[in-house]
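> One structure, as structure tokens, below. Some questions next.
The values are calculated or read from the model by the stated rules, or taken from the named source; none is laboratory data. Quick caveat, the model's predicted, so the values are computed rather than measured. All Cβ positions, even for glycine, are placed from backbone atoms using ideal geometry, and neighbour counts span all protein chains on display. These accessible areas exclude ligands, DNA and RNA; they are computed on the full protein's heavy atoms, side chains included. Shrake-Rupley method; radii C 1.70, N 1.55, O 1.52, S 1.80 Å.
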Amino acid sequence: MVMEPRQGDPNEVEGVLNPAAVRARDGQLYLFPRLVAHGNYSRIGIARVLFDGAGDPIGVERMGIALEPQADYELSQNGGGCEDPRVTYVEPLQQYVMTYTASSRLGPRIAIAISDDLFHWRRSGLATFQPYHGITFDGVDDKDASIFPVLVPDPMGRPCIGLVHRPLFPGTRPEEKAQQPRSHVQDSFRECIWISYCRLTADDREHPLGRFVEHHRLVCPEAVWERLKVGGGVPPTLCRHGWLQLYHGVGDLAPPSPTGRNLCYSAGALVLSKEHPNRIEYRSPEPVLVPEGPLENEGTVDSVVFPTGIDRRDDLGKPDRFDVYYGMADDRIGVARLDVPAKLPLAGLAATKPYAA
């Protein structure tokens, strides 16, 4: 554990969780945790990660607030919130891009903010989407989005900004799916993680991510541990095999937790093609991170590990080592070490079946 609620701080009385993680230009690593005040009122904080002599993260230094609810789309009848950010340095923009969940009167939506230095953020508004084959994304709850750091080809091969997200269409939340019989036929369009694409033009620097006009289905639930839902995790990060992305999956918890909760959030691993990231090279058949011990099994929400930040340890000369920052039981923040092997396991390669566009 690297961060927990600070005693006596009203901004953190209901938890600190689900942080973005990103390196600044000076090499320092910063977290952007969700800070939860009374009534689930959420702000996005800033914290600098502290390391020991071996380079392992051991704690944080709090450095203030990055965003708190101000825009209309961040406010609701009960308060509102800025939640669960992911931050990526987007090379073609030469700027940091934050995707976060805006808790509005209409429900959770993907919001975007831009920064030059990680300490001053400009809101760019909500992400909007062109319909796809009769599927309307606008007006649908959506969250856990992240951006590729470079331009990636859309389904037509044109270089675009790529956004990974998972719309929460009616009937596809894990609590709703858990009430359905196991024989229920999966909706392979509305239960998926998607990549959506925004075309970048020369005059888009101030508001570069307005509308996402092309879409591709990436991942649907397959394994038992993710049968109730799959969704976004850490932003796509290059590893030796392609784009590494950890995602979250929700399965049944049997027996239920002491509080009666029957859902378990775990994390799986994807490797996407470097040249064509809508193609899956590897998908872990089993989760790579599961709730273990009281810090992850007992908290605001029991039995949850929820990865949102990743740091490739180039600073240590170890590009195959990744530190993964994640929410523990929706209450505190942990870090786990992931070492990418020289060869991808055959089981995940054999199980891979890319979805048609």
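> Compute the length gained on full extension between Arg122 and Glu222: take 0.36 nm times their separation in residues and subtract their Cα-Cα distance, giving the result in nm to one decimal. Don't skip to the end; give the middle numbers.
Numbers: separation 100, 0.36 × 100 = 36.00 nm, distance 3.86 nm.
Full extension of this stretch gives 32.1 nm more.
> Follow-up. Can you give the longest run of the chain that contains no GluC sites (Glu not before Pro) sitting in a DSSP loop with at most 12 other Cβ atoms inside 10 Å? Mind showing how you got there, number by number?
On the way: sites that count: Glu206, Glu275, Glu292.
Maximal segment without exposed cleavage sites: 1-205.
> How much of the accessible area of the chain, probe 1.4 Å, is carbon plus sulfur, in whole percent?
That fraction is 52 percent.
> Then there is this: Hey, in the GNM for the chain with a 10 angstrom Cα cutoff, which one of Gln77, Gln130, Gln180 fluctuates hardest?
The residue with the greatest mean-square fluctuation here is Gln77.
> I'd like the per residue volume of the convex hull spanned by the Cα atoms of region 145-258, given in cubic angstrom. Before the final figure, lay out each step's value.
Numbers: hull volume 17.0 nm³, N = 114.
Dividing the Cα hull volume of region 145-258 by its residue count gives 150 Å³.
> What residue among Ile333, Ile135, Ile46 shows peak mean-square fluctuation when the chain is described by a Gaussian network model with Cα springs under 10 Å?
Its mean-square fluctuation being the largest, the pick is Ile135.
> Further question on the same structure: On each of the three principal axes of the Cα atoms of region 1-85, give max minus min coordinate, whole Å, ordered largest first.
Each principal axis gives a Cα extent; for region 1-85 these are 47, 29, 16 Å.
> With every protein chain present, what is the per residue accessible area of the chain (1.4 Å probe, Å²)?
Values: 14830 Å² over 357 residues.
Spelled out: the 1.4 Å probe surface of the chain, per residue, equals 42 Å².
> Once you charge only the Cβ atoms, +1 for Lys and Arg and -1 for Asp and Glu, what is the size of the charge dipole of region 253-332 about its Cα centre, to the nearest 20 debye? Spell out each step's value before the answer.
Numbers: 9 positive and 14 negative charges, 53 e Å.
Dipole of region 253-332, to the nearest 20 debye: 260 debye.
> If you don't mind, there's one more thing I want to ask. Given points 7 Å out from each Cα along the Cα-Cβ axis, report the Asp72 to Ser188 separation in nanometres with one decimal.
Here the modelled spin labels are 4.1 nm apart.
> Name the residue farthest towards the positive end of the dipole of region 220-325 from the options Gly293, Gly317, Ala254, assuming +1 on Cβ of Lys and Arg, -1 on Cβ of Asp and Glu, about the Cα centre.
Gly317
> Let me ask you something else. Taking 20 °C and 1.002 mPa s as the conditions, I'd like the Stokes-Einstein D for the chain in µm²/s, using the Kirkwood hydrodynamic radius from alpha carbon pairs. Walk me through the numbers on the way to the answer.
Values: Rh = 20.3 Å.
Using the Kirkwood radius from Cα pairs, D works out to 105 µm²/s.
> Another one. Of the options Met63, Phe148, Ser266, report the single residue whose Cα projects farthest towards the positive end of the charge dipole of the chain (beta-carbon charges: Lys, Arg +1; Asp, Glu -1).
Projecting each Cα onto the dipole axis, the largest value belongs to Phe148.
> Here's a follow-up. Using the Cα centre as the reference, give the magnitude of the dipole from point charges on the C-beta atoms of the chain (Lys, Arg: +1; Asp, Glu: -1; all else neutral), rounded to the nearest 20 debye. Don't skip to the answer; put the middle values down first.
On the way: 38 positive and 47 negative charges, 172 e Å.
Roughly 820 debye, rounded to the nearest 20.
> Longest exposed-loop-site-free stretch of the chain, with trypsin sites (Lys or Arg not before Pro), DSSP loop and at most 10 other Cβ within 10 Å? Walk me through the numbers before you get to the answer.
Details: sites that count: Arg25, Arg182, Lys343.
Segment 183-342 is the longest.
> Put a dot 7 Å past each Cα toward the Cβ at Glu286 and Leu50; how far apart are the dots in nm?
So the two model labels end up 3.7 nm from each other.
> Under a 1.4 angstrom probe, counting protein chains only, how are Met1, Met328 ranked by accessible area, largest first?
Values: Met1 95, Met328 10 Å².
So the residues, ranked largest to smallest area, are Met1, Met328.
> In a Gaussian network model over the chain where Cα atoms closer than 10 Å are linked, find which of Gly53, Gly80, Gly15 has the largest mean-square fluctuation.
The residue that fluctuates most here is Gly53.
> Hey, another quick one. Across region 52-211, what fraction of all alpha-carbon pairs, as a whole percent, falls in each successive 5 Å bin from zero upward?
2, 8, 15, 19, 17, 15, 11, 7, 4, 2, 0, 0
> Could I ask something else about it? Treating only the Cβ atoms of Lys and Arg (+1) and Asp and Glu (-1) as charged, compute the dipole magnitude of region 67-131 about its Cα centre; round to the nearest 20 debye. Intermediate results must be reported in sequence, preceding the final value.
Numbers: 5 positive and 8 negative charges, 44 e Å.
Taking the Cα centre of region 67-131 as origin, the dipole is about 220 debye.
> I would also like to ask the following. Farthest toward the dipole's positive end in the chain, which of Phe189, Pro10, Ile46, given Cβ charges of +1 (Lys, Arg) and -1 (Asp, Glu) about the Cα centre?
Working it through, the farthest residue towards the positive pole turns out to be Phe189.
> Taking θ as phi - 60°, what are the ³J(HN,Hα) couplings along region 250-264 by the Karplus curve (6.51, -1.76, 1.60), each to the nearest whole Hz, with x for Gly and Pro?
3J(HN,Hα) across region 250-264, in whole Hz: 10, x, 7, 10, 9, x, x, 5, x, 8, x, 6, 10, 10, 10.
> Related question: In the structure shown, do any of Lys229/Lys274; Lys143/Lys229; Lys318/Lys343 have a Cα-Cα gap over 23 Å, and if so which? Mind showing how you got there, number by number?
Numbers: Lys229/Lys274 26 Å; Lys143/Lys229 13 Å; Lys318/Lys343 16 Å.
Violating the 23 Å limit, Cα to Cα: Lys229/Lys274.
> Here's something else I'd like to know. So between Gln94 and Ala24, what do we pick up on full extension, going 0.36 nm a residue minus the alpha carbon distance? Mind showing how you got there, number by number?
On the way: separation 70, 0.36 × 70 = 25.20 nm, distance 1.22 nm.
24.0 nm is the gain from fully extending Gln94 to Ala24.
> Oh, and also: Give the share of C-alpha pairs in each 10 angstrom bin for region 266-357, from 0 to the last occupied bin, in whole percents, shortest bins first.
16, 37, 33, 13, 0
> Give the distance, in whole Å, between the Cα centre of region 94-163 and the Cα centre of region 184-203.
When both Cα centres are located, 11 Å separates them.
> Something else: How long is the gain from Ala336 to Arg6 if the chain were fully straight, where each residue apart is worth 0.36 nm and the alpha carbon distance is subtracted? Mind showing how you got there, number by number?
Values: separation 330, 0.36 × 330 = 118.80 nm, distance 2.16 nm.
Using 0.36 nm per residue and subtracting the Cα-Cα distance, I get 116.6 nm.
> With n ≥ 4 as the cut-off for DSSP H runs, can you work out [θ] at 222 nm for the chain, using -39500 (n - 2.57) per run divided by the number of residues, rounded to the nearest 500?
On the way: 3 runs with 14 residues, N = 357.
So the helix-based figure for the chain works out to -500 deg cm²/dmol.
> Let me ask something additional. Taking every pair of Cα atoms in region 59-144, average 1/r, invert it to obtain the Kirkwood radius, and report Rg/Rh to two decimals. Mind showing how you got there, number by number?
Values: Rg = 14.1 Å, Rh = 14.0 Å.
Rg/Rh for region 59-144 comes to 1.01.
> Tell me the label-point distance for the pair Leu238, Ile135, using the 7 Å Cα-to-Cβ offset, in nm and rounded to one decimal.
Label-label distance for Leu238 and Ile135, simple model: 2.9 nm.
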